[in-house]
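Scroll down for the structure; my scribbles are underneath it.
No lab work stands behind these numbers, since they all come straight from the coordinates. On a predicted model such as this, the values are computed, not experimentally measured, just so you know. Don't worry about glycine lacking a Cβ; one is built from the backbone with ideal geometry, like all the others, and counts go over all protein chains shown.
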């Protein structure tokens, strides 16, 4: 049986670095939004897996915002962690900063909340560990993610 003891958000944290290369970019030299989303999905899935100790699948992406482009030759610095847990699903927050390797300048480029469902070995949703919230920041992120989940559930009800 898997371990379902509560965990801290920091236990799931994933830090990932990608180098923006020409194959990742459009004709303006900016990394394609789809490539950024791919990187975000990978980092968020790893954070979800670390929290659940099992495979997790992407269910939705909420509140994705692109603030600045990531240019070819820059680093994309991704940080993902679990910020909310339900019974079988969780929400990760992913933040990307770009870094100019020549100057060291960093800019917030992208952020999003991504919902995952944790699966057992048979591909069925399984119960997951709850979160231990210790800081005001962790509590605020949990409340924000909980509101995202609530709004998403309201929309689903209206669509039926």
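Return the calculated 222 nm mean residue ellipticity for the chain, to the nearest 500 deg cm²/dmol, obtained by summing -39500 (n - 2.57) across DSSP H runs with n ≥ 4 and dividing by the residue count.
-9500 deg cm²/dmol
Listed highest first by mean packing, meaning other Cβ atoms within 10 Å per residue, what order do 133-144, 39-50 come in?
39-50, 133-144
Please state the Cα pair-distance histogram of the chain with 5 angstrom bins from zero: what percent is in each bin?
For the chain, the pair-distance distribution reads 2, 10, 17, 19, 18, 14, 10, 7, 3, 1, 0.
Using the basic label-point model (7 angstrom from Cα toward the beta carbon), what is the residue 5 to residue 135 distance in nanometres?
In this crude label model, residue 5 to residue 135 measures out at 2.3 nm.
Can you give the FRET efficiency to the nearest 0.05 for residue 75 and residue 153, using r as the Cβ-Cβ distance and R₀ = 35 Å?
0.40
For the range 128-160 and the range 1-67, what is the centre-to-centre distance using only Cα atoms, to the nearest Å?
For the range 128-160 versus the range 1-67, the Cα centre distance is 18 Å.
When N is the residue count of the range 49-120, what does its C-alpha Rg come to as a fraction of 2.2 N^0.38 Å?
Normalised Cα radius of gyration, the range 49-120: 1.30.
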